[in-house]
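Encoded as C-alpha cells, the structure appears first; notes follow it.
The values are calculated or read from the model by the stated rules, or taken from the named source; none is laboratory data. In this text, all values refer to a predicted model and were calculated from it rather than measured experimentally. Cβ coordinates were reconstructed from backbone atoms using ideal geometry, including for glycine residues, and neighbour counts include every protein chain displayed. We work out accessible area using only protein heavy atoms, side chains counted, and drop any ligands, DNA or RNA first. Shrake-Rupley method; radii C 1.70, N 1.55, O 1.52, S 1.80 Å.
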Amino acid sequence: MFVPPIDRRTVVAVACAIVAASAAAQSAETIVITGSREPMSVSRLAADVVVIDSDTLRNSAATSLADVLREQAGVQISRNGGPGAATSVMIRGATGSQTVVLVDGVRIGSATLADPSVAALPLAQIERVEVLRGPGSSLYGADAVGGVVNIITRRADTGVRFDAAAAFGSRGARELSAGASTTLGAWDIAASLAQEHDDGDSSLRPGAPFSNYNPDDDGYTRDSGQLRIGFAPAPGHRIGLALLRSRLETQVDSAASGVAPDFRDKLDVDATALDWRGTLAAGLVATVRVDRSVDDMRSETFGPQRFKTTRDHALAQLAWQTAAGQFVAAVERLDEDARTNDYRGERDTDIGVLSWTGTAGRFSWQADLRRDDSSDYGGETTGRLGGSFALTPQWRLRALAGNSFRAPSFNDLLYPYYGVDTIKPERGRSLEFGLEWADGGDRAGLTVFRNRVKNLINYQPDRSFCPPDPGFDYGCAGNTSRARLQGATLSGAKALGDWALRAQVDFLDAKNSDTGARLPRRAAHQETLGVDWHHADWSAGASVLRVGARPDSRALDAETTLDLKAGWRFAKGWMLESRLLNATDEDIEPAAYYRGPGRQFWLGLRYEGGV
C-alpha cells in the first residue's frame, strides 16, 4: 500500500482537512452525468466525481478555469506563465494529454499538440463543471487516463433572467460579461458574451535559456460567446442546439534567438452540438447527437505555424431503466482531421459502449465496457468494474478498477523527422478505494488510488529505435517508459453558523517506473484550505493553496498563495465585489523559467435578476 511522505506542513494540513473539506463536497442527492453518461445520483457511483456548481464558480476568486479546478477539485496545473498562457491540467498525476475535456458533451482540444485547450475556455459561459477523477476510457475513450473534465455551459432558467458583470484589476486587467435567458412556451434560450484582458507580467524570468527573456509585459485577451436553444415538440422530448466560441490571443517571449523579441499566439476554440433526447417508453430514453469541435492555433513562436484540429462526432444512445438497474448502449463515430504547415493527418474511429449501473439494498454497482476501432492505432477495449456499500446511513465504502489508453497524437505519428507511424497507444490499469462520511452539511472522505501506465509516448533520443532516414539522427517519438501514479486524497466540509470551512490534501507519488525518477512538474503534495463567511448582505472569504516542490528542467520550490475576497449585496440583484489575489505576492514559478502572476487587486460590480 502506498504510504506518502509527510512533512510538518502536511500534518497540519491533514488536521485541517479532518474538520474541513474541499468545496466540491456534494450531497448524496447531487445528480451527475459524467460518471455514467446518464443522469444519476453521485451516491450510486463507484467513481470519484466532483461537482463545481454555479454558486461556487461565481463566488470563487479565481480568474481562470484551471485555477478553479485546482482549488475545488485538487488537480495540479502546469502553465507557461500567468492566466491566458498555455495550461495543462493534471488529474492524479496524469498529463494534460491524458485528460479528456468536454464542453456540453463535445470533446475539445488539439489532436496535433495533444493537449486540451483549457486556457481558451471562459468562466463566464460556464454553469457547472463535473470532474471525474480517475480513468474514464471505458466511457469516453482515448486519453481519459487521468480523468475527465465535463463543462456544461449556461442554460435557460424559468422565466426571463438577466445578468451582467464588470470587474477591473491592477495590471490593466478587466472582465466584462453579459447574458440573458428565457423560456417561451416550448422554447428555452440562453446566450452570453464575455471579454477578459490582462496586460500581465513578463512570462519568462531573467536567465531563461536560449536568450528568450524580454522584460516587457506578456498579456492576453479572451473573447467568447455562448448560445443554447432548446425546443420541446412533445412532453419528454427536446431538441437542442449548443454553441461555444472562444478566441484567445496571448503575447509570449521569443523561443528562438535572432528574431523579434515577442510573438502573439492566437487560438480559436469552437464547439457545436445538435441533439435530440426523448422518452420512447416508460424507463426507455434515447439520445441522438451530432457535434463538431475545432481547435485552431496560429503560433509565431517558432516561425509562422498553424495547428488545426477538426473533430466530427455522431452518437446514438439508449438508456433503459429496469428493476435490475440501468442499462446504457451507445454507438459512435469520430472523424478527426489535423492540418499543419508540415502535414495533414486523418483518422476515423468506430465506437461501441455498454454500461450497467444498479442498486440493491445498501449495495450499488457499475460496470462499463467500450470498444474503439481506429484507422490509426487499431482496436482498443477498455472497461471498469466497481461498487459502493453503505456501511451506515453516514458511511459509504467504494472501490473501482479499470483500464485506459491514450492515443498517439498526429505529431507523434506524422511530424517530419519526429513522428513514427508505428507508435503504440499508452495503456493504463488502475485501482482505487474510497471511504466517505456525511452527516447533514458536514462531510469527509478518503480516496487512495494506483494507476500503472505503460508504453509512455515521449521523445526517444536513442537513434537505433528510430527510422533509418538521416533526418531522425537526433531522435524521434517512441514508447519509451512506464509510469506509476499513486496517491491519496483526504477531504471534508464543516458548517458553523455563518461560517463554512473546506480543505483538501492530495498526496501524489508519480514516478517513471523504469528509472525511479519523479515525473516532471508534479508536486508530491498539494493542500487547499478555504474559509467563507456570509451574514445578511455581506460576505468574505479566504483560500490558501500550498503546492509542494516539483522537478522540472530545474527544481521548482514549494509555493503558498493566499487569495482574499469580499462582497456586499447593496440592493436586490446587485453585488459589489473585491478580490486580492496572491495577497502575499508569492514568487510563483508554474514551470521552469516561467513567471506566475504576482499580487493583483480586483474591484467589480455584478447584477443578477429576472422577471
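Solvent exposure of the range 191-343, expressed per residue, is 46 Å² of accessible area, with all protein chains present and a 1.4 angstrom probe. In this rough spin-label picture, where each label sits 7 Å from Cα along the Cβ direction, the residue 553-residue 514 distance is 2.2 nm. Potential lengthening of the chain between residue 316 and residue 333 amounts to 5.2 nm, from the contour at 0.36 nm per residue minus the alpha-carbon distance. For the range 37-153, rounded, prolate or oblate, judged on the Cα gyration tensor with a ≥ b ≥ c (square roots of eigenvalues), a/c < 1.5 rounded, else prolate if a/b > b/c? The shape class here is oblate. Our estimate of slack between residue 540 and residue 586, defined as 0.36 nm per intervening residue step minus the Cα-Cα distance, is 14.4 nm.
Summing charges over all other residues whose Cβ lies under 9 Å from the Cβ of residue 577, with Lys and Arg as +1 and Asp and Glu as -1, gives +3. A full extension of the chain between residue 237 and residue 264 corresponds to an added length of 5.1 nm, given 0.36 nm per residue minus the alpha carbon distance.
Take residue 603: with every protein chain present and a 1.4 Å probe, its accessible area is about 90 Å².
If packing is taken as the mean number of other Cβ atoms within 10 Å per residue, what is the order of 96-104, 84-92, highest first?
By packing density, highest mean first, the sequence is 84-92, 96-104.
If you plug the beta carbon distance of residue 323 and residue 205 into 1/(1 + (r/R0)^6) with R0 = 56 Å, you get a FRET efficiency near 0.35. Calculated [222 nm] ellipticity per residue, helices only, for the chain: -1500 deg cm²/dmol; basis is -39500 (n - 2.57) per DSSP H run with n ≥ 4, divided by all residues, nearest 500.
Placing +1 on each Lys and Arg Cβ and -1 on each Asp and Glu Cβ, with no other charges, gives the chain a dipole about its Cα centre of roughly 1420 debye.
A cut-off under 12 angstrom between Cβ atoms defines the neighbours of residue 354, and their net charge, with Lys, Arg +1 and Asp, Glu -1, is +3. Each label point was placed 7 Å from the Cα along the Cα-to-Cβ direction; for residue 474 and residue 58 their separation is 5.3 nm.
For residue 266, give me every one of the lysines with a C-alpha distance below 18 angstrom, ignoring sequence neighbours fewer than eight places off in its own chain. Here the lysines satisfying the reach criterion relative to residue 266 are 308. Summary of packing: across the peptides 433-440, 106-113, 306-313, the per-residue average of other C-beta atoms within 10 Å ranks them, highest first, as 106-113, 306-313, 433-440.
Among the listed pairs 494/565; 424/454; 494/572, those whose Cα-Cα separation exceeds 22 Å are 494/572.
In the range 427-540, taking the dipole from charged Cβ atoms about the Cα centre, the farthest positive-side position among 474, 523, 507 is held by 474. Work out the FRET efficiency for residue 158 and residue 381 from their Cβ-Cβ distance, taking R0 = 41 Å, and round it to the nearest 0.05. After rounding, the FRET efficiency stands at 0.40.
Once label points are set 7 Å from the Cα along Cα→Cβ at both residue 286 and residue 395, what is their separation, rounded to one decimal in nm? For residue 286 paired with residue 395, the spin-label model returns 4.7 nm.
Using a probe of 1.4 angstrom and keeping all protein chains present, the accessible surface of the range 551-611 works out to 53 square angstrom per residue.
I need the calculated FRET efficiency for the pair residue 611 and residue 564, taking r as the beta carbon distance and R₀ as 51 Å, to the nearest 0.05.
For residue 611 and residue 564, the calculated efficiency is 0.90.
Label the chain by shape, choosing from rounded, prolate and oblate, from the square roots a ≥ b ≥ c of the eigenvalues of the Cα gyration tensor; if a/c is under 1.5 it is rounded, and otherwise prolate applies when a/b is larger than b/c, oblate when it is not. Rounded is the answer for the chain, as its axis ratio a/c remains below 1.5. When only Cα pairs below 8 angstrom with a gap of at least 6 residues are kept, the chain shows a relative contact order of 14 percent.
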